[in-house]
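Following: one structure in structure tokens, then a few remarks.
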Amino acid sequence: VDLAVSASPGRARLADQIVDRLGQAIVDGVPVAGLSSEAALALQHGVSRTVVREAIQRLLDCGLVQQRPKVGITLAPTTVWQYGRPEVIRWLSRSPNKSEFLHHLTDLRRVLEPAIAERAATRATDAHRESIEGADALLLQATRARDVELFLRADAAWHEAVTEACQNPVMIDAMRRQREAIALSR
């Protein structure tokens, strides 16, 4: 894969370009030459090791790579990827593996959403019920008008209202972390 970085004024911008190209290649399953060495990556991209370190740190934060003494930088198993990170979601949405990711996301929703709805049914306050009813009305309006954009916004608002009504901060956080991926699946 061509990982050449275009000229850019700032170190952060160079790191952004490297992160995006390496992250996309990793998610796509494309072998990345020189990944095991900061020096090799710096030479390959014509940037300083500082820029490469910054890029590698962001890939570490995304869970796509691991770094160990005497081993260097290696690919991390997909089980440790940070699927809620916007950049990982973006790479997956452009990947040949997109349908597999959406299948896994649907699995997650099938497990979490009924549990969230069950808790919301017993824990919702009057304010929560009003939010849900408002989103319901918007869904009905969008359906009658055959307005896809309005429907997508209303659907997102309805799911958020039900999630908030469950009053479980861990479940709310789990769904919030997946919000961008869920929007992609709609």
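Taking the helices alone, the chain has a mean residue ellipticity at 222 nm of -22000 deg cm²/dmol, built from -39,500 (n - 2.57) per DSSP H run of at least 4 residues and averaged over all its residues. Shape verdict for the stretch 52-116, please, from the Cα gyration tensor: rounded (a/c under 1.5), prolate (a/b greater than b/c) or oblate. Since a/c reaches 1.5 and a/b is larger than b/c, the shape of the stretch 52-116 is classed as prolate. Size descriptors for the stretch 26-148, from the alpha-carbon set: Rg then Dmax equal 21.6, 63 Å.
Summed over the residues of the chain and divided among them, the accessible surface reaches 57 Å² per residue at a probe radius of 1.4 Å.
Across the stretch 56-70, computed HN-Hα scalar couplings (Karplus, 6.51 cos²θ - 1.76 cosθ + 1.60, θ = phi - 60°) run 5, 4, 5, 5, 4, 4, 7, x, 7, 10, 10, 10, 10, x, 6 Hz from first to last residue, x flagging Gly and Pro. Spin-label model, A33 to E113: label points 7 Å out along the Cα-to-beta-carbon direction sit 4.5 nm apart. Using the Cα centre of the chain as origin and beta-carbon charges of +1 (Lys, Arg) and -1 (Asp, Glu), tell me which of A25, H104, I132 is placed farthest towards the positive end of the dipole. Positive-most Cα among the choices belongs to A25. Compared with the alpha-carbon gap, the fully stretched path from R129 to Q66 is longer by 18.2 nm at 0.36 nm per residue. About the centre of its Cα atoms, the stretch 21-175 shows a dipole size close to 760 debye [charges on the beta carbon of Lys, Arg (+1) and Asp, Glu (-1) only; nearest 20 debye].
In this structure, the amide hydrogen of V65, modeled 1.01 Å from its nitrogen in the peptide plane, lies closer than 5 angstrom to those of L60, A76, counting only residues at least 5 positions away or on a different chain.
Counting other C-beta atoms within 10 Å, and keeping those with at most 15, which DSSP coil trypsin sites (Lys or Arg not before Pro) do you find in the stretch 68-172?
Answer by residue number: K70, R94, R146.
When the Karplus curve 6.51 cos²θ - 1.76 cosθ + 1.60 is applied with θ = phi - 60°, which whole-Hz ³J(HN,Hα) does each residue of the stretch 81-95 get, with x for Gly and Pro? Taking θ as phi minus 60°, the curve returns 4, 8, 5, x, 6, x, 5, 5, 4, 4, 5, 5, 5, 9, 8 Hz for the stretch 81-95.
Tilt of helix 11-28 relative to the longest C-alpha principal axis of the chain, in degrees (0 to 90, nearest 10)? The two axes meet at around 70 degrees.
The values are calculated or read from the model by the stated rules, or taken from the named source; none is laboratory data. Bear in mind the structure is a predicted one, so any value in this text is a computation, not a measurement. Methodologically, a virtual Cβ is constructed for each residue, glycine included, from the backbone with ideal geometry; neighbour enumeration extends over all protein chains shown. Quick note on the areas: whole protein, heavy atoms, side chains included, nothing else; ligands and nucleic acids left out. Shrake-Rupley method; radii C 1.70, N 1.55, O 1.52, S 1.80 Å.
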